1. For residues that are under 18 Å from the mean Cα position of the chain (by Cα) and of a type in the set (Val, Ile, Thr), scanning just region 218-277, find the one that is nearest to Phe323 (Cα to Cα).
2. Look at Glu187 and say whether it is among the acidic types (Asp, Glu), closer than 24 Å to Gly289 by Cβ and modelled with pLDDT of 90 or more.
3. Residue by residue through region 36-75, note down the ones that are under 17 Å from Ala272 (Cβ atoms), under 17 Å from the mean Cα position of the chain (by Cα), surrounded by 19 or more Cβ atoms within 10 Å (Cβ to Cβ) and without any contact (Cβ under 8 Å) to a residue 60 or more places away in the chain.
4. For Ala80, are the conditions met, namely being at pLDDT 85 or above, in a helix (DSSP H, G or I), farther than 19 Å from Ala48 by Cβ and not basic (Lys, Arg)?
5. Looking at Ala115, Ala148 in this structure, which one is modelled with pLDDT of 85 or more and either of a type in the set (A, V, I, L, M) or at positive phi (or both)?
6. Regarding region 156-165, can at least one residue be identified that is closer than 24 Å to Cys285 by Cβ and either at pLDDT 85 or above or surrounded by 14 or more Cβ atoms within 10 Å (Cβ to Cβ) (or both)?
7. Please specify each residue of region 244-287 satisfying the condition of being touching a Pro at 6+ places or on another chain (Cβ under 9 Å), basic (Lys, Arg) and surrounded by fewer than 20 Cβ atoms within 10 Å (Cβ to Cβ).
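The values are calculated or read from the model by the stated rules, or taken from the named source; none is laboratory data. None of the values given here were measured: they were computed from a predicted structure. All Cβ positions, even for glycine, are placed from backbone atoms using ideal geometry, and neighbour counts span all protein chains on display.
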Amino acid sequence: MTIISLPVPATPIVNGAACSLPALIDRARTRLAEARSSAEVLEARAAAMAAMHYAKLQKAANETQADCLLLIKRAEIRMADEIDAAQQRGEVATDATGGGRPSKTCPEFGQVSPATYDELGISSQRVAEWREMRDAGEAVVDEAIQAALDEGRAPTNADIQRAVKGGHFRSHFTGENEWYTPAPYVEAARACLGSIDLDPATAPAAQETIRAARFFTRDDDGLKQEWRGRVWLNPPYAQPDITRFIVKLLAEIAAGRATEAILLTHNYTDTAWFHAAAGQCAALCFTRGRIRFVGASGEIAAPTQGQAFFYFGPGIERFRASFASFGFIR
């Protein structure tokens with residue numbers, strides 16, 4: 001595991017040329033999605049920090065600064081995973097100083113001790129913050145950012161720290177509140193599938209719109225049930241639930257019990273579960289703009305990124321016809 005510290009450039013220069021803010025954000029997003037090592041994740045983080053710096057200099061819109069901050073935080077969550085994995089492999093000490101750290105055997109050099117945080121150029125406090133944020137879940141980060149936007153201001157690191165540590169913020173998409181898919185998207189799913197046989201992650205109020213022949217609530221624990229027929233799934237977005245529900249969906253499709261399915265998630269293209277679903281779906285629709293989800297009391301909330309609909313089944317043309325108006329389909 002190689003960790004490097006990268007300075008944030010004062011001006012947006014890419015390949016020797018000035019770069020626009022949208023291009024900087026796209027570059028950071030691409031780098032994070034393609035990162036395969038800790039060094040590459042930190043490069044993506046540095047690119048996102050550069051975009052944030054430039055956005056502040058330009059006094060860019062709150063939403064633009066939110067996009068930059070979200071990229072930074074996703075990279076830091078990835079780093080928490082990278083460090084944990086390196087410690088399990090014995091490449092990094094399990095405490096900040098390396099005190100009492102065991103040595104490992106290297107065929108070429110004999111006994112080699114794992115690296116300390118200081119040797120890697122990071123602090124134990126920073127690692128602890130990354131882990132806290134990772135353990136709280138991406139949804140908590142999203143919600144802290146959205147809460148600031150709802151107040152008409154750009155989000156800050158302090159907003160996220162308060163949310164992670166249990167501060168007061170609006171709990172959108174964390175599983176604490178129910179958020180329902182607006183009717184036009186559900187009707188598009190019904191038009192594609194013909195009807196919805198099962199909604200395995202829902203609440204009774206949502207069924208006024210979804211009208212599934214069968215559904216499972218939190219009390220039913222859909223993860224313990226069999227999923228049969230044509231499935232509509234808008235899973236809980238907090239970790240680890242979102243991963244568990246998507247793994248379950250892919251397993252039910254592989255077993256032949258789920259014959260067709262439409263899955264709705266945020267477009268977290270840098271996550272393992274997103275790649276797993278994208279790798280097995282027959283078609284994928286990236287929304288144009290953000291879906292404005294509906295709360296149990298009728299309140300409206302839009303997340304800080306767009307969404308994606310995954311289609312599983314033989315009816316690709318039906319899916320295209322039903323969802324083409326909502327965004328790009330591949």
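1. Looking at residues that are under 18 Å from the mean Cα position of the chain (by Cα) and of a type in the set (Val, Ile, Thr), I get Thr265.
2. Judged against the criteria, Glu187 is a match.
3. Val41, Ala44, Ala75
4. For Ala80, the condition - at pLDDT 85 or above, in a helix (DSSP H, G or I), farther than 19 Å from Ala48 by Cβ and not basic (Lys, Arg) - is not met.
5. Ala148
6. no
7. Listed by number, the list holds a single entry, Arg244.
Residues are listed down the side, and each one gets a yes or a no for (1) at pLDDT below 85; (2) in contact with an Asp or Glu (Cβ under 7 Å, 6 or more places away or on another chain); (3) over 26 Å from Ala258 (Cα atoms):
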| position | (1), (2), (3) |
| --- | --- |
| Thr304 | yes, yes, yes |
| Phe309 | no, no, no |
| Gly313 | no, yes, no |
| Ala324 | no, no, no |
